[in-house]
Structures are given as structure tokens and as C-alpha cells.
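What follows is a single structure, written as C-alpha cells, with notes after it.
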Amino acid sequence: MKAVVVRRGETRPTIAEIDEPTPETGEALLRTLRVGIDGTDHEVVEGNHGGFPDGDDHQVLGHEAVAVVADANGTDLEEGQLVVPTVRRPREDGNAYFERGEPDMAPDGEYVERGIVGAHGYMAEYFTSTPRFLVPVPDTFAESGFLVEPISNAEKALEHAHATRSAFEWSPETGLVLGNGPLGLLTLAMLVDERTAFSRAYCLGRRDRPDPTIDIIEELGATYVDSRETSVDEIPAAHEPMDFVYEATGYARHAFETVHALRPNGVGALLGIPEDWSFEIDGGALHRELVLQNKALFGSVNSNGRQFEAAIHSLKSFPEWFVEDLVTGVYEPSEAETAFETGDGVIKTVVEFDTL
Ligand code: NAP
Ligand code: BGC
Ligand code: ZN
């Protein structure tokens, strides 16, 4: 079967012919429809994040998938059911985090991530999985369901942000997303959704107009902030202080500037995955501000089943135009290299293996 892989020693995706997997007892066989590409996939291909499955000379890419149950293989799944797979798998049976339904909180070394670290991903015509790692989604999600996984990452961060502020009356009004990549834009769409109820939302980028991401930001009713003109710590003076900041740039300075962008009692969530970078910061000012203004800053990675369910609701509530404008390219597996290209006009691309 066809698969999109990165080979050891290479830093580009390639189409490969690999064996179709045979489901083991307790596993189902899934027919892949679509697999999305995000910043993490680029980091994996470039060798800056994740790692190959032990002993293999290649890794099947992709962790944002939507698929159909092709062979239930004795599990209680229904053939033809549309599903979204989760990303993490335990390295050993009985892992306490996985048993509790909290794989996203497992420390490094206790898990693999399909398509990212130590395990093959979903960019292949078929893959296998146990049902506990498959989330059923409605049939209407055949084209858009690959967005459930990245949205679930944002759901987790929002849930944790509220949890850090749950000991007092916190009614956030202003929200700032750092980064106008796919994760940033998906999160922005959540912040402007009436269920989340941020009155005013902002999104930071570093692009000139005209640009499709700026169009989306403004169409969502949010304000575009250009980091080349206004740095993150200058945003309170240039616009207003933020109750919530969500970092999705992977630009390490933003992690610390976030503290200065917050209103007292505000919270900042860090999601970007930067490379090593040493730079100077005023640690004293940062420490003082966190303490004297009751601010919080936390990191957030991956997501659990509850957050996948929440993501299904968010995806249903997004305006149709938003998903259409966000997905700028649908490619055949043989066009994988093009699917991974970035540049003008590219926001979110997807590799399509099949349709429903
Ligand atoms: P992406 O496509 O790389 O998007 C990052 C965006 O940030 C790009 O649009 C980039 O702008 C913008 N940006 C970078 N530096 C900037 C700066 N100094 N000022 C303004 N804008 C800046 O990645 P993504 O898929 O949206 O994901 C975002 C980050 O989150 C990545 O690091 C990814 O690995 C990580 N991630 C983490 C999780 C998690 O669970 N923690 C989940 C998914 C993704 P240009 O395009 O103009 O360069
Ligand atoms: C994935 C998460 C994963 C994280 C770190 C993100 O792009 O969506 O599921 O935990 O990368 O590898
Ligand atoms: Zn991802």
C-alpha cells in the first residue's frame, strides 16, 4: 500500500510502498481518508522533534487523521464507522496515565506518539488500532475530521487555563493568540465562538497584507497584530492587556513576553515547540510580575478523550467558510512533497488517501 514516509538521514517526505498491516486480536483495520499536516510534522521531517520507531529505517508520517473502520476484526466497532485516532500509545501495558484516560499527562519515555515519536503514523492507505484509541465522529466529518486532533490540543489548553484560574472569580474578556498558523487560527475560531465568550480577540503574525491568514483573522472579528511592529510585551500599551494568551508560534521569546502581555490574574498557555535558543531576559521582573500580579504561565501538550469530544463540538460549531478557507490544499499521496511546501497562500494542507 501507499504511505508517506521520512527515511533516516533524509529531511523530506517521500511516497513509499509498504506492507498493508494485519490487525492483531483486539485491533481493527482502518481505511485512511485524510491526514492533515501541521508545524509538528514539519519539525519531525526536519529531524527537530520526535524520532523513528526503534529499528526502522523510515517513519510513516501523520498524526491528524480521519478514517473508516474497514475490518472490525471482532472488536465492537461497526464497519463503515468514521473515526479519528488519538496520537499517544503507552510504551508498556498498564501505564497508569493511560489507564486513567490521561495519556496527555504521561511523562516523556512512557509513551510513543504515532507519526511523531517512536511509532508509525497514519499517512498510509490503512492502519491498525485498538478501539480505545479511536474516537467515533459523525459521517459529515469525512472531509474535515482530521481537524479534530489539533482542535483537541487547544481544548486541553483552554481547559487547563480555566483550571488554573478556578480558585477565584475569573471572567476573561480579552484573548490573544500568538501565531497565525493552523493551530493559532483554529484556536482563534474557538475564542470567538459564543460558547467561549471572549469579547475581544487578537492574533499575532508577521506577514504583510494581503494575506489569507489576516483575512481569516478579520473575518472572525479579531484584530491582527504584526509582531514586526508591536512586540508581544508592547500589546497592552498598543491595544489592551490580555486575560488569556495562547502561544502557538514556537518562538521562544514569546513564552516570556506573554507574562507582560497579561492583565493581573491572567493566564498564558504555551503550546509551541521551539528549538534550543539562548537569549537574555530580565528574570527578576518576570518573577516579580508573576507573583505580585497573580499571573500564571503553563505548558500544554497533546490531549485526552474528553478533549477530543469537546473538539468534535467545536468543529461542528465553526462557520463553514472558516474550514474552507483554512484548508488551502488537498493532495494525493504521490504529491506529498508539495503538500509539505509552505509559502504564500498556504495555511493548512492535507493528504487524501480515499473518500467515504
Ligand atoms: P506553524 O504552521 O509553524 O505555525 C506557526 C505560526 O507562527 C506561523 O504562521 C508563523 O508565521 C508564526 N510565527 C512564528 N514566529 C512568529 C513571530 N516571531 N511573530 C509572529 N508570528 C510568528 O505551526 P502550527 O501547526 O500552527 O503549530 C504551532 C506550534 O505549536 C508549532 O511549534 C507546533 O509544533 C506546536 N504544536 C503544539 C501542540 C501541543 O500539543 N503543544 C499541538 C500542535 C502544534 P509565518 O508562517 O509567517 O512564518
Ligand atoms: C500533536 C500532539 C503531540 C505534540 C507533541 C502536536 O502536534 O498534535 O498530539 O503531543 O505535537 O509531539
Ligand atoms: Zn499536531
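The values are calculated or read from the model by the stated rules, or taken from the named source; none is laboratory data. Being a predicted model, the structure only gives us computed values, none of them experimental. Ideal geometry is used to build each Cβ from the backbone, glycine not excepted, and the neighbour counts take in all protein chains shown. Side chains included, ligands, DNA and RNA excluded: accessible areas come from the protein's heavy atoms. Shrake-Rupley method; radii C 1.70, N 1.55, O 1.52, S 1.80 Å.
Per residue, the chain reaches -7500 deg cm²/dmol at 222 nm when only DSSP H runs of four or more residues are counted, each adding -39500 (n - 2.57).
For MET242, the residues whose modelled amide H falls within less than 5 Å of its own, excluding neighbours fewer than 5 places apart on the same chain, are LEU262, ARG263. Sequentially through the range 244-252, phi angles give Karplus couplings (6.51, -1.76, 1.60; θ = phi - 60°) of 9, 10, 10, 8, 9, 10, x, 9, 4 Hz, Gly and Pro residues having no value and appearing as x.
Projecting the Cα atoms of TRP321, GLY74, VAL6 onto the charge dipole of the chain (Cβ charges, centred on the Cα centre) puts TRP321 farthest toward the positive pole.
Between rounded, prolate and oblate, where does the chain land on the alpha carbon gyration tensor, with a ≥ b ≥ c its root eigenvalues, rounded for a/c under 1.5, else prolate if a/b exceeds b/c? Here the chain falls in the prolate category. Charges on Cβ only, +1 for Lys and Arg, -1 for Asp and Glu, centred on the Cα centroid of the chain; of PRO182, THR342, SER129, which one is farthest towards the dipole's positive end? It is PRO182, whose Cα lies furthest towards the positive end. Positive end of the dipole of the chain (Cβ unit charges, origin at the Cα centre): among VAL267, GLY55, TYR246, the Cα lying farthest that way belongs to VAL267. Can you pull the percent of the range 151-299's accessible area that's carbon plus sulfur, 1.4 Å probe, other chains left in place? Carbon and sulfur: 46 percent of the exposed surface of the range 151-299. Kirkwood radius and radius of gyration were both taken over the C-alpha atoms of the range 151-299, and their ratio Rg/Rh is 0.94. Ignoring the sites themselves, the chain has its longest run without chymotrypsin sites (Phe, Trp or Tyr not before Pro) in a DSSP loop having at most 15 other Cβ atoms within 10 Å at 1-167. Loop-resident GluC sites (Glu not before Pro) (DSSP state other than H, G, I, E or B) in the range 265-327 with no more than 12 further Cβ atoms inside 10 Å of their Cβ: GLU275, GLU280. In the full protein context, the chain carries 45 Å² of accessible surface per residue, based on a 1.4 Å probe and ignoring ligands, DNA and RNA. Taking amide H as placed 1.01 Å from N in the peptide plane, ASN304 has no amide H partner under 5 Å among residues 5 or more places away or on another chain.
Tell me, what is the FRET efficiency for GLU17 and THR342 to the nearest 0.05, using R0 = 30 angstrom and their Cβ-Cβ distance as r? Using R0 = 30 Å, I get an efficiency of 0.65. Placing +1 on the Cβ of every Lys and Arg and -1 on the Cβ of every Asp and Glu, with no other charges, gives the chain a dipole of roughly 920 debye about its Cα centre. When only the Cβ of Lys, Arg, Asp and Glu is charged (+1, +1, -1, -1), the dipole of the range 292-356 relative to its Cα centre reaches about 720 debye.
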